[in-house]
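> Shown below is the structure under consideration.
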Amino acid sequence: MKRKYLNYATSALMTLFLVGCSHILDEEPRSIYEPGFFRTEKGVYGGLTSLYAHLRWIYGQPYYYNTLETGTDEYTWAQSADANFRVMDISGQGEITPTSSRSDAIWGICFSNINTASGIIENASAAGNISDALIAEARFFRAFDYFLLVQTFGGVPLDLGAGELKFNTSASTKSVRNTVPEVYTKGIFPDLLTAINDLPVVGRVTGGATKTLARLYLAKAYLTYAWWLENPNNIPTYPLTDRVDPDGRNAQYYFQQAYNIATQAIDDPGPFGLVDTFYDLHVGGNDRNKEMLLYADHTEASEFYNGTCINCFAGTDPGGNAAVWMVTWNYTEIRSAANPNGTGGVSSVQREAAQALGRPWTRMAPTIGVFTNTFADKTLDSRYDGTFTTVYRGNWPKGGTPNAVLYNANELPVSPGDPILTFLDDETLAGSIVYPAGANFPGKNTPGVGAGVLPGRADFVISPRGIGRRVYPGLWKIGTYRTDNGTGLGQPNANLTRPFKAAKFSELYFVAAEAAIKGATPVGGKSARDLINVIRARAGKWKFDNKNNVAKIEDNSAAMVAATPAVIDINYLLAERSREFFGEGYRWLDLVRTQKWTELASSYEICGDQFGNHTPATISRNIQPYHYLRPIPQGQIDALEVSAAEKITYQNPGYVVE
């Protein structure tokens with residue numbers, strides 16, 4: 001069957017709520033959209049197209065990606081980080097302010113799409129031939145955007161100028177923030193319940209909204225709201241309001257609803273389900289698999305459907321997928337020697353458009369605890385190997401260097417494809433590693449990056465506790481994938497042409513398990529441990545060994561299940577979430593939802609930002625309760641035509657209105 005694509009070349013409709021001309025329909029630029037536009041079939045389909053397209057402005061957008069990862073137990077700032085990344089770490093590198101916070105990336109785009117969705121919801125039926133299923137797609141996206149906003153900023157406006165949840169036809173300079181309960185109970189929950197009822201089991205297009213997708217987001221919304229009502233660590237909310245549900249329901253009710261909806265989706269999955277192995281889930285070329293419920297789509301096949309140029313450098317412009325660049329260190333600085341005495345340095349690992357390599361930016365670095373704690377099991381569990389690039393292999397002939405061999409650690413010869421630098425699994429051999437004082441050993445041009453040597457090994461090495469802000473494992477799972485490299489290096493500087501994953505079927509197991517931990521009554525065979533063990537059993541199945549670059553058919557499922565604690569608590573569940581979703585943009589929201597951010601991420605270990613520095617330092621973060629909400633962007637504050645006092649009260653407490 002011929003694949004149908006969403007026409008992502010048509011940009012989202014212009015926002016009509018306190019932001020300027022961010023992006024508009026290419027065919028008909030206009031500053032005001034009248035309701036009549038959405039009373040036509042063309043208007044409805046154009047609006048829906050823009051709703052899908054806006055995912056590209058969120059997922060893969062590198063500065064927003066940074067806000068979801070930097071400052072957590074997964075990532076900190078790296079050697080080449082600018083202020084966009086350093087301030088998010090809250091470790092003395094600058095303050096998060098309404099101007100410096102890059103959560104501004106979602107404010108305008110989300111409200112623009114909320115307004116577009118409202119235009120469809122209000123007017124589409126007048127077109128005469130628009131099904132409830134099509135309108136349900138708009139309802140899903142309106143709830144999707146409001147859910148993203150309320151998690152990030154707290155209560156946000158339901159009224160964009162024409163009334164609550166009404167389509168607004170002209171820019172408004174007044175705004176009143178609704179409370180968190182109002183956003184959930186008036187906006188998110190009703191839209192998602194209707195979407196579940198009206199959406200199809202199978203999406204109308206590849207990657208389209210479905211019942212299963214809506215169930216996942218309703219379960220996540222119920223779960224998040226339940227935590228908000230419970231408020232175990234007394235984190236402040238804004239606008240100020242009692243943590244009371246308008247319908248008189250308590251946190252336990254919503255934890256139970258989250259469990260019920262998530263398990264219903266697991267039992268009635270439609271065409272979705274878990275793929276066989278973690279490797280299959282993330283290997284390039286298999287992105288549109290049955291586990292993917294929603295993604296920001298890109299394709300190498302067509303620039304029209306890719307949303308940005310395919311063979312040029314689009315930088316960090318909105319709409320492109322460049323997130324993985326931020327967590328990729330400059331491996332091209334690795335040097336092997338042309339001569340047996342260690343001289344004549346050659347860049348033996350060239351920049352290549354390959355999943356293990358790609359364009360380096362060195363803006364975000366993983367903490368040491370990621371490798372010593374989160375991914376302590378690197379033998380049974382395939383997720384460490386399926387998440388990181390830990391071995392950098394020689395590819396110098398593709399860059400034009402003709403040498404058949406080069407000389408690497410211990411002046412031993414290496415051939416193309418051999419390991420040049422390896423990040424070791426553990427500290428077993430750490431005492432035997434000899435590191436240079438700087439980038440190179442005295443009198444030699446190698447290794448160029450301060451890596452060490454072990455007796456008899458041709459590859460340079462770094463142990464987990466030697467990982468620093470400049471040299472660290474890359475993130476293989478979301479790396480570059482192209483099919484047009486030929487025998488060369490390809491286009492490593494072009495934005496990624498693979499989809500960025502936004503929602504996966506696997507998360508349903510985590511949502512249900514978390515709800516069960518929080519007191520939801522489980523059904524038989526679906527306790528928190530049962531649910532997590534489904535994920536852990538899959539993690540025990542190997543198909544390919546990235547570290548050794550060989551096929552590996554091995555099933556450690558039974559051992560993985562046996563190693564699961566008899567009783568699972570929230571900390572264990574969060575560790576499992578990190579193993580499963582590491583580096584995919586979940587972590588800050590997970591830590592904020594469960595109010596575990598301070599406990600799990602207030603300090604971390606990492607080595608320095610210079611070559612040869614392999615001495616771990618403990619870094620403290622000054623995470624304050626007010627940090628659990630991001631600041632309202634300064635641009636929004638500036639656009640309000642209200643008094644200075646009203647601007648101050650509009651902003652989240654703890655952040656200064658500039």
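> Collect the residues in region 638-656 that are under 26 Å from G92 (Cα atoms) and either basic (K, R) or surrounded by 17 or more Cβ atoms within 10 Å (Cβ to Cβ) (or both), keeping them in residue-number order.
Q651, N652, Y655
> Now, a different point. Do we have any residue at all in region 515-524 that's over 30 Å from T564 (Cβ atoms), over 27 Å from the mean Cα position of the chain (by Cα) and either in contact (Cβ under 8 Å) with a residue 24 or more places away in the chain or assigned to a loop (DSSP other than H, G, I, E, B) (or both)?
no
> Condition first: surrounded by fewer than 17 Cβ atoms within 10 Å (Cβ to Cβ) and either closer than 28 Å to E599 by Cβ or polar (S, T, N, Q) (or both). Now tell me which residues in region 545-556 satisfy that.
Within region 545-556, N548, N549 qualify.
> Scan region 482-504 for residues that are outside any strand (DSSP E or B) and buried (at least 19 other Cβ atoms within 10 Å of the Cβ) and jot them down.
R482, G490, Q491, P492, A494, N495, T497, R498, P499
> Considering only residues that are of a type in the set (S, T, Y) and out of contact with any Pro (no Cβ under 6 Å at 6 or more places or on another chain), which ones fall in region 390-419?
Within region 390-419, Y392, T401, S415 meet the criteria.
> Of all residues in region 168-188, which are surrounded by 16 or more Cβ atoms within 10 Å (Cβ to Cβ) and either more than 30 Å from V642 (Cβ to Cβ) or of a type in the set (K, R) (or both)?
R177, K186
> Okay, next question. Considering only residues that are small (G, A, S) and in a loop (DSSP other than H, G, I, E, B), look in region 592-631 and name the one that is farthest from the chain's Cα centre (by Cα).
For region 592-631, the residue satisfying everything is G612.
Per-residue answers, yes or no, for (1) touching a helix residue (DSSP H, G or I) at 6+ places or on another chain (Cβ under 7 Å); (2) within 24 Å of L591 (Cβ to Cβ):
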residue	(1), (2)
L199	yes, no
V202	no, no
Y217	yes, yes
T224	yes, yes
W228	yes, yes
N231	no, yes
N234	no, yes
T237	yes, yes
R243	yes, yes
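> Would you check if there is a residue in region 305-323 being touching a Pro at 6+ places or on another chain (Cβ under 9 Å), crowded, with 24+ Cβ neighbours inside 10 Å and outside any loop (DSSP other than H, G, I, E, B)?
yes
> Now for a separate question. Of the residues V449, V511, V453, which is farther than 23 Å from S415 by Cα and β-branched (V, I, T)?
Only one candidate qualifies: V511.
> Tell me which residues, restricted to region 274-331, are small (G, A, S), on the phi < 0 side of the Ramachandran plot and more than 17 Å from the chain's Cα centre (by Cα).
Hits for region 274-331 are A301, S302, A314.
> Tell me which residues, restricted to region 324-344, are of a type outside the set (A, V, I, L, M, F, W, C) and either surrounded by fewer than 21 Cβ atoms within 10 Å (Cβ to Cβ) or out of contact with any strand residue (DSSP E or B) (no Cβ under 7 Å at 6 or more places or on another chain) (or both).
Hits for region 324-344 are N330, T332, E333, N339, P340, N341, T343, G344.
> Return the residues of region 106-115 that are touching a helix residue (DSSP H, G or I) at 6+ places or on another chain (Cβ under 7 Å) and either over 25 Å from V201 (Cβ atoms) or not in a helix (DSSP H, G or I) (or both); say none if nothing qualifies.
Of everything in region 106-115, those that are touching a helix residue (DSSP H, G or I) at 6+ places or on another chain (Cβ under 7 Å) and either over 25 Å from V201 (Cβ atoms) or not in a helix (DSSP H, G or I) (or both) turn out to be I106, W107, I109, C110, I114.
> Residue by residue through region 125-180, note down the ones that are at pLDDT 95 or above, among the aliphatic types (A, V, I, L, M) and in a helix (DSSP H, G or I).
Correct list: A133, L134, I135, A136, A138, A143, L148, L149, V150, V180.
> Another question, if that's okay. Looking for whichever is buried (at least 19 other Cβ atoms within 10 Å of the Cβ) and over 23 Å from the mean Cα position of the chain (by Cα) here; the options are W476, W542. Which one fits?
Of the residues listed, the single one that is buried (at least 19 other Cβ atoms within 10 Å of the Cβ) and over 23 Å from the mean Cα position of the chain (by Cα) is W542.
> Given the conditions (1) assigned to a loop (DSSP other than H, G, I, E, B); (2) modelled with pLDDT under 95; (3) surrounded by fewer than 21 Cβ atoms within 10 Å (Cβ to Cβ), and given that K42 satisfies all but one, which numbered condition is not satisfied?
So K42 meets the others, but not (1).
> Mind checking which residues of region 206-228 are aliphatic (A, V, I, L, M) and under 19 Å from R142 (Cβ atoms)?
Passing the criteria: A209, L213, A214, L216, L218, A219, A221.
> If you scan region 363-379, which residues turn out to be under 14 Å from P616 (Cα atoms) and part of a loop (DSSP other than H, G, I, E, B)?
T367
> Show the residue pairs meeting these rules: Cβ distance below 6 Å; 6+ apart or different chains; first residue within region 236-257 and at pLDDT 95 or above and in a loop (DSSP other than H, G, I, E, B); second residue surrounded by fewer than 19 Cβ atoms within 10 Å (Cβ to Cβ) and of a type in the set (V, I, T).
From residues that are at pLDDT 95 or above and in a loop (DSSP other than H, G, I, E, B), the pairs are P246/T185.
> Then there's this: Being in contact with a strand residue (DSSP E or B) (Cβ under 6 Å, 6 or more places away or on another chain) and either closer than 13 Å to E507 by Cα or in contact (Cβ under 8 Å) with a residue 40 or more places away in the chain (or both) is the filter here; which residues of region 550-583 pass it?
G583, the sole residue that qualifies.
The values are calculated or read from the model by the stated rules, or taken from the named source; none is laboratory data. Source: prediction; values computed, not measured. Note: ideal-geometry Cβ built from the backbone for every residue, glycine included; neighbour counts use all protein chains shown.
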